[in-house]
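So the structure is just underneath, and the comments pick up after that.
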Amino acid sequence: NAGVMQNPRHLVRRRGQEARLRCSPMKGHSHVYWYRQLPEEGLKFMVYLQKENIIDESGMPKERFSAEFPKEGPSILRIQQVVRGDSAAYFCASSPPGSSNIQYFGAGTRLSVL
Amino acid sequence: AQSVTQLGSHVSVSEGALVLLRCNYSSSVPPYLFWYVQYPNQGLQLLLKYTTGATLVKGINGFEAEFKKSETSFHLTKPSAHMSDAAEYFCAVSGLKAAGNKLTFGGGTRVLVKP
């Protein structure tokens, strides 16, 4: 059973470009979480999604950031018009239905904005 | 609201010595508590968790943690450090919620193991 898969592992963007980060949850998992780890800081919650629904987006910046988890395919975290402050490691976690307090993490996508 | 405080952003231990990482939390509901480990350029791996029941929980790689409600603590210990324990450790809390729950993390403690 493959773990949580994130791609790309590393992403370089210039200021003003768009970044798209993908997350495929573990097989059978229907809950997806996105977290951001800024340099020298802990992880901060961004958004929690189930298939086709955003359940909790209380940690998402108000502008430029969006997330989706379609019926088919991976979850996508999209950052429009990236700025240098968006440089961070973005981690996705998934959990199965019914025991969603245990989250399994992917290896992360490290975004660098030039 | 929930929060987690990890005392000490860096800890240095000698190989074979006790590892003690401190974690205090605040939560308005009974907490679920977790310790995760992160090796360089990797994701987080679950070490152990406390949900209900026995307050002393054992995890992988010889780690254990004790939930002390009166002290709002969940300190992580390992009797004898190994070089492979060098990593960053995160304590996290989530609340008792039926469907889905965000994790609130502490700032992390980076462990250095000296030979």
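Computed from the coordinates by the stated procedures, all read-outs in this text should not be read as laboratory data. Predicted, not measured: the structure shown is a model, and the values here were computed from it. Cβ sites come from the backbone with ideal geometry, for glycine too, and all protein chains shown count toward neighbours.
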Suppose every Lys and Arg Cβ carries +1 and every Asp and Glu Cβ carries -1, with no other charges. What dipole size does chain A come out with about its Cα centre, to the nearest 20 debye?
400
Let me know the charge dipole size of chain B about its Cα centre in debye, to the nearest 20, where only the beta-carbon of Lys, Arg (+1) and Asp, Glu (-1) is charged.
240
Kindly provide the Kirkwood hydrodynamic radius of the protein assembly as shown in Å, to one decimal, from all pairs of distinct alpha carbon atoms.
18.1
Work out the length of the dipole vector of the protein assembly as shown about its Cα centre, built from +1 on the beta-carbon of each Lys and Arg and -1 on the beta-carbon of each Asp and Glu, and round it to the nearest 20 debye.
440
Cross-link pairs B:K68/B:K114; A:K51/B:K49; A:K71/B:K102; B:K49/B:K69 - those with Cα-Cα distance over 18 Å
B:K68/B:K114; A:K51/B:K49; A:K71/B:K102
Taking the alpha-carbon centre of each part, the distance from the range B:58-115 to the range A:1-50 in Å is 22
What spacing in nm lies between the two simple spin-label points modelled at A:R20 and B:K69, each 7 Å away from Cα in the Cβ direction?
4.9
Can you tell me which of A:V82, A:V12, A:V32 moves the most in a GNM of chain A? Springs connect C-alpha atoms under 10 Å apart.
A:V12
Place +1 on the Cβ of every Lys and Arg and -1 on the Cβ of every Asp and Glu in the protein assembly as shown, take the dipole about the Cα centre, and give the residue among B:A54, A:V82, A:G108 whose Cα lies farthest towards its positive end.
A:V82
Counting only other residues whose beta carbon sits under 13 Å from that of B:S9, what net charge do I get with K and R as +1, D and E as -1?
-1
Restricting things to Cα coordinates, could you compute the convex hull volume per residue of the range B:51-114 in Å³?
118
Segment B:T55-B:T77, extension gain: residue separation times 0.36 nm, minus the distance between their alpha carbons:
6.5 nm
Whole-Hz ³J(HN,Hα) for each residue in the range B:44-61, computed from phi via Karplus 6.51 cos²θ - 1.76 cosθ + 1.60 with θ = phi - 60°, x for glycine and proline: what do you get?
8, 10, 5, 8, 6, 8, 10, 10, 9, x, 4, 7, 9, 10, 9, x, 7, 6
Where Lys and Arg each count +1 and Asp and Glu each count -1, what net charge lies around A:L114 among other residues with Cβ under 15 Å from its Cβ?
+3
Report the residue, chosen from B:P30, B:P40, B:P79, that carries the largest GNM mean-square fluctuation when chain B is represented by alpha-carbon nodes joined by springs under 10 Å.
B:P40
All Cα pairs of chain B, percent lying beyond 19 Å:
41
Quick one: which residues, 5 or more positions from A:G42 or on another chain, have an amide H under 5 Å from its amide H? H modelled 1.01 Å from N in the peptide plane, none for Pro or chain starts.
none
Taking N as the number of residues in the range B:1-58, the ratio of its alpha carbon radius of gyration to 2.2 N^0.38 Å works out to 1.31
